[in-house]
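Novice: Dumping the structure here so I can ask a few things about it.
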There are 2 protein chains.
Amino acid sequence: MKKIETLIKRIIQRVNINLRELEFDVNLYIDDVHLKCRLSKFYAFYGVTPYHKLSFKFINSSLAGSYFLGKSKIDHSILYKSDIRGDELKSKGSTYRYKDYEIPVYDDEEIQITDSILIKTLVHNFSHDPESLEIFHIKNTVSTHFTNIHGSSTEGCFLGPFSTVDLTTIHDCVLGEFSYIQVEELAHKKVNPGTIWVCYKDKFDFHYQFSKEILKKYIDFDSKNLPIGILMDFVENRKVDFENVFKFINRKNPVSIPKNTALDRYSVVRGQTRIGKNVLVAQRAYLEDASLGKGANVQENCYIINSHLEGYDITAHGAKIINSRLGEKIFVGFNSFVRGKIDKPLIIGNGCIVMPHTIIDIEEPLIIPSDFIVWGYIKNAEDLKLNGMSLESFSKIRNEFKLENMKFKGNGGIFIDAFKERIDHILHANGAFFDISDNNAGGHAQKNQNISFNTIQPYPSGDLKGIYPTMEITP
Amino acid sequence: MKKIETLIKRIIQRVNINLRELEFDVNLYIDDVHLKCRLSKFYAFYGVTPYHKLSFKFINSSLAGSYFLGKSKIDHSILYKSDIRGDELKSKGSTYRYKDYEIPVYDDEEIQITDSILIKTLVHNFSHDPESLEIFHIKNTVSTHFTNIHGSSTEGCFLGPFSTVDLTTIHDCVLGEFSYIQVEELAHKKVNPGTIWVCYKDKFDFHYQFSKEILKKYIDFDSKNLPIGILMDFVENRKVDFENVFKFINRKNPVSIPKNTALDRYSVVRGQTRIGKNVLVAQRAYLEDASLGKGANVQENCYIINSHLEGYDITAHGAKIINSRLGEKIFVGFNSFVRGKIDKPLIIGNGCIVMPHTIIDIEEPLIIPSDFIVWGYIKNAEDLKLNGMSLESFSKIRNEFKLENMKFKGNGGIFIDAFKERIDHILHANGAFFDISDNNAGGHAQKNQNISFNTIQPYPSGDLKGIYPTMEITP
């Protein structure tokens, strides 16, 4: 048997062992024949900059189309068109604060991906687990199309398409398609498709459940076939635009950009697009007739189409904004789908929070007032009432609260404050507030400006076809 | 001081120490400021195939625009647009025969380049030194534009532009521009520009000296400036055609090629070009309106323009053939310049040997008869009489012989036979005689068909600008 086939089988078996208690069989969801064919078709690449710890180890893996930044070790894994972005890894000699603990970080943190298959997955590393500061581990895990693994060590998991595991250490879990969890730790659980769940100790517990019928329309996945639905069609239709981007070794910026702004050369820029200061446009982001104000950030797998973002707006990994006008400092969470009509844009006021995995797909003109939080599924003003509140009102929630498919327990004020704090962290980390007179190197928007990419390819034929050579790259 | 500046100074000093006896100062010939600027502009690349031992080590070096194939280690060196082609490295477990000795090869042979600057240099590894079977070393050496280091360990040398050191272990030598030596071993010598010298023990000694005046017209080099002259203009004028080739990650073959033929994706193909079976076209080869018969090979830095090659023709590294018609099994040696008139092509008959570094640049129609050997400088029929002989006549030379600027001592028959043997080796090694029913993998034309290229880039900014990360790549 060819090595790549052995490797696929090995990984699937390991994940199945981990998931035996849940009686879950990964074989039913991975088309290994199709996958194998794709693996020798695309090059992988890694970033070289003076700002990110240069240390890559690639061992017995297939890395087709994947991207790596920051210290990482990939071992017996298949990463297909995935982004492993380690630009928030902890540094040796720093101190990690967790409640009353001050824990020294003894070595530069490393992303370690072992015995895993990641398909079109975004891994970003801002991890919070105080039990493992030097290693950010993804092990015995299969993740499928457009999953986000964000600051979350995972072991023995299956993650469905368009799902997100955020700041959560998970172990032996199955996450259904389009589910989002941010719950610190989770073990031996099956999370239903379309579940949005944010929980922090006894402080708060936010829970939203998409109806099966709505979910099926946007994302449907139940076999070896590719996932289908509006979300999948949306990205598939734009795939060809990325082909041109990946064809060239280098490219000039397709639009002029200010100093201190990073426009990744692996992003797509079309139409009349304007990009402001301190902006970060990550690889595999897609801009078309987009206007991005100062300090905006557009992360991996985001799409901004025919839309205006006033400034300091965050478009988290995989979020899509179409035919919309956004005010200042708006957070659009992971994999959200925010779509106005071409002739009547969706308008979102300053300071709004669009919860992760929110679908706003309007049928009639809609304005979301400033300082609102929205979630779930919104297609008109009626829905907005059932899937949104002012931040002020939400902050006042105590104990239990229920609105349509949303249930909340705990303190709404702490929930909102935690969100605001995180938004501030993201803007700072991305360099949105960077001033030229600053003495430091800035955030991602500044540090990712001057980046070189090395491309790597697998063995083109023979028994090792699709497998990459063993590489160790250090400063 | 930036690391790249320190590195350049370090290398130049080391070479100067080696060359102190010859009172040669490399500083006078290397424009370190110009060189430094070029080093961060181009990516390097290495080949991955199932047939070539995969082992690369890149340590504290700048590799701008260079290409690597086969086991190699580059350490404290600057390789600018150089080709390090290790596809004839000896294998562990094989036996090397030297006269009565049968010497086992204890490890896979490795190209090691240490403390050296190579500029647009071709290194090919078919080495013959029985004293060092496992290591092919280039150390404390500066080589300049379009030098060929061919099967030759070099230590402490300066090699002028368009010079070739062929199957010769050299130590503490200076080789003038456009000089060619193949003399087994050479130490502490200065070889004048335009010297062609082939010597083998007491068997034969061929020596040709270009006149200064002619040489200056074709290649002139005497200071930090770039070399000038017809040869340099010729390649500079075609540089832009290579830019398109290096811009894309992959490319489709610009012409259809038969099975068992290798057309390197980093070659230029223009006009009406036809490529036959078992042909090898190497990287940085240039074809324009070229017709290549079965088993031809066109090596690195070769140009075939508006010419027909009947079959089994060898165009050695750096040779150029323009407006010519070549019969079968013709050998055109390293860096030769063979140019007919566009309306009256130069015709070369079957089985001819064009000595390395021959300039045939005709003013009137010229036919070189079959089975001739030619050398030196030929512009018309008159020159041919003084710079060529039939192989038969040459084979009869015994003791001493002189013809214009050529002197020969020894046995002409042995000289011609050695050449023929080498031509046969080259054709075999390149797979020119490969038959589909063969049970082996063939030669370079077959093994280099299915090759992947990984690109690598230097640090884009900071103190390490232009230096490449440390890499270790193994199977």
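The values are calculated or read from the model by the stated rules, or taken from the named source; none is laboratory data. On a predicted model such as this, the values are computed, not experimentally measured, just so you know. Here the Cβ is made from the backbone with ideal geometry for all residues, glycine too, and neighbour counts use every protein chain on show. Remember, those area values only see protein heavy atoms, side chains included, never the ligands or the DNA or RNA. Shrake-Rupley method; radii C 1.70, N 1.55, O 1.52, S 1.80 Å.
Novice: Looking at the stretch A:459-475 only, could you name the residues that are farther than 22 Å from B:PRO460 by Cβ and facing chain B (nearest Cβ under 7 Å)?
Specialist: Within the stretch A:459-475, the subset farther than 22 Å from B:PRO460 by Cβ is A:459-470.
Within the stretch A:459-475, A:TYR459, A:PRO460, A:SER461, A:GLY462, A:LEU464, A:PRO469, A:THR470 qualify.
Novice: Consider B:LEU292 against the criteria (1) farther than 18 Å from B:ASN350 by Cα; (2) free of Cβ contacts under 8 Å to residues at least 40 places away in the same chain: it satisfies all of them except one. Which criterion is unmet?
Specialist: (1)
Novice: Might you let me know whether the stretch B:302-313 holds any residue that is of a type in the set (Ser, Thr, Tyr) and more than 17 Å from B:ILE423 (Cα to Cα)?
Specialist: Yes, the stretch B:302-313 contains a residue that is of a type in the set (Ser, Thr, Tyr) and more than 17 Å from B:ILE423 (Cα to Cα).
Novice: Could I ask something else about it? Quick check on B:PHE146: is it under 16 Å from the mean Cα position of the chain (by Cα), in contact (Cβ under 8 Å) with a residue 60 or more places away in the chain and within 19 Å of B:ALA64 (Cβ to Cβ)?
Specialist: Taking the combined requirement at face value, the residue satisfies it.
Novice: Here is a further query. For the stretch B:262-297, give me the residue count where each residue is open to solvent by less than 10 Å² (accessible area, probe 1.4 Å) and on the phi > 0 side of the Ramachandran plot.
Specialist: So the answer is 2.
Novice: Please find, among B:PHE434, B:PHE453, B:PHE419, the residue that is of a type in the set (Phe, Trp, Tyr), within 14 Å of another protein chain (Cβ to nearest Cβ) and over 21 Å from B:THR6 (Cα atoms). Please lay out each step first, then the result.
Specialist: On the way: B:PHE434 fails: within 14 Å of another protein chain (Cβ to nearest Cβ); B:PHE419 fails: within 14 Å of another protein chain (Cβ to nearest Cβ).
Matching residue, one of B:PHE434, B:PHE453, B:PHE419: B:PHE453.
Novice: Another one. Does B:ILE373 qualify as being crowded, with 22+ Cβ neighbours inside 10 Å, within 14 Å of another protein chain (Cβ to nearest Cβ) and of a type outside the set (Lys, Arg)?
Specialist: no
Novice: Yes or no: B:THR141 in contact with a His (Cβ under 7 Å, 6 or more places away or on another chain), buried (at least 23 other Cβ atoms within 10 Å of the Cβ) and touching a residue at least 24 places away in the same chain (Cβ under 8 Å)?
Specialist: Spelling it out, it is not the case that B:THR141 is in contact with a His (Cβ under 7 Å, 6 or more places away or on another chain), buried (at least 23 other Cβ atoms within 10 Å of the Cβ) and touching a residue at least 24 places away in the same chain (Cβ under 8 Å).
Novice: Another question about this same structure. Residues that are modelled with pLDDT of 90 or more and open to solvent by 60 Å² or more (accessible area, probe 1.4 Å), at least 3 per element: which helices (runs of 4 or more DSSP H) completely within the stretch B:389-475 meet that?
Specialist: Details: elements: B:391-395, B:412-429, B:444-447.
By residue number, B:412-429.
Novice: Find the residue count for the stretch B:205-261, including only residues that are surrounded by 18 or more Cβ atoms within 10 Å (Cβ to Cβ) and part of a loop (DSSP other than H, G, I, E, B).
Specialist: 8
Novice: While we're on this one: Give the residues of the stretch A:247-300 that are within 14 Å of chain B (Cβ to nearest Cβ) and under 22 Å from A:LEU122 (Cα atoms), sorted by residue number.
Specialist: A:LYS247, A:ALA262, A:ASP264, A:ARG265, A:TYR266
Novice: Just checking, does the stretch A:80-91 include any residue being among the acidic types (Asp, Glu), within 30 Å of A:LEU28 (Cα to Cα) and open to solvent by 30 Å² or more (accessible area, probe 1.4 Å)?
Specialist: No: the stretch A:80-91 contains no residue that is among the acidic types (Asp, Glu), within 30 Å of A:LEU28 (Cα to Cα) and open to solvent by 30 Å² or more (accessible area, probe 1.4 Å).
Novice: OK, next. Within the stretch B:151-171, count every residue that is farther than 19 Å from B:ASP83 by Cα and open to solvent by 10 Å² or more (accessible area, probe 1.4 Å).
Specialist: So the answer is 2.
Novice: Among B:PHE24, B:PHE56, which is the only one that is more than 20 Å from B:ILE135 (Cα to Cα) and open to solvent by less than 60 Å² (accessible area, probe 1.4 Å)?
Specialist: B:PHE24
Novice: Within the set of pairs 6 or more residues apart or between chains, which connect a residue that is in the same structural domain as B:SER40 (by TED's automatic domain parsing) and closer than 12 Å to B:ASN60 by Cα inside the stretch B:456-475 to a residue that is part of a loop (DSSP other than H, G, I, E, B) and among the β-branched types (Val, Ile, Thr) with Cβ atoms less than 8 Å apart?
Specialist: Between residues of the stretch B:456-475 that are in the same structural domain as B:SER40 (by TED's automatic domain parsing) and closer than 12 Å to B:ASN60 by Cα and residues that are part of a loop (DSSP other than H, G, I, E, B) and among the β-branched types (Val, Ile, Thr), the close pairs are B:PRO458/B:ILE467; B:TYR459/A:THR49; B:TYR459/B:ILE467.
Novice: Something else now. How many residues are of a type outside the set (A, V, I, L, M, F, W, C) and within 17 Å of B:SER211 (Cβ to Cβ) when one looks only at the stretch B:389-410?
Specialist: Qualifying residue count, the stretch B:389-410: 4.
Novice: What tally of residues in the stretch A:33-47 results from selecting those that are open to solvent by less than 50 Å² (accessible area, probe 1.4 Å) and away from chain B (no Cβ under 14 Å)?
Specialist: The number of residues fulfilling the criteria is 1.
Novice: Considering only residues that are closer than 24 Å to B:ASN250 by Cβ and more than 10 Å from every other protein chain (Cβ to nearest Cβ), which ones fall in the stretch A:48-76?
Specialist: A:SER61, A:SER62, A:LEU63, A:ALA64, A:GLY65, A:SER66, A:TYR67, A:PHE68, A:LEU69, A:ILE74
Novice: Here are some residues: B:ILE314, B:ILE330, B:ILE305. Which one is under 15 Å from the mean Cα position of the chain (by Cα) and at pLDDT 95 or above?
Specialist: When all the criteria are applied, what remains is B:ILE314.
Novice: Taking the stretch B:437-450 as the region of interest, how many residues are touching a residue at least 60 places away in the same chain (Cβ under 8 Å) and more than 14 Å from every other protein chain (Cβ to nearest Cβ)?
Specialist: 3
Novice: Okay, next question. So B:ILE368 passes all but one of these: (1) within 12 Å of chain A (Cβ to nearest Cβ); (2) of a type in the set (Val, Ile, Thr); (3) surrounded by 15 or more Cβ atoms within 10 Å (Cβ to Cβ). Which condition number does it fail?
Specialist: If we test B:ILE368 against (1) within 12 Å of chain A (Cβ to nearest Cβ); (2) of a type in the set (Val, Ile, Thr); (3) surrounded by 15 or more Cβ atoms within 10 Å (Cβ to Cβ), just (1) comes out false.
Novice: Additional query: Might you check whether a residue that is over 30 Å from A:ASP202 (Cα atoms), in the same structural domain as A:VAL354 (by TED's automatic domain parsing), in contact (Cβ under 8 Å) with a residue 24 or more places away in the chain and of a type outside the set (Gly, Ala, Ser) occurs anywhere in the stretch A:419-431?
Specialist: Scanning the stretch A:419-431 turns up at least one residue that is over 30 Å from A:ASP202 (Cα atoms), in the same structural domain as A:VAL354 (by TED's automatic domain parsing), in contact (Cβ under 8 Å) with a residue 24 or more places away in the chain and of a type outside the set (Gly, Ala, Ser).
Novice: Of the residues B:LEU215, B:LEU226, only one is modelled with pLDDT under 95 and of a type outside the set (Phe, Trp, Tyr); which?
Specialist: B:LEU226
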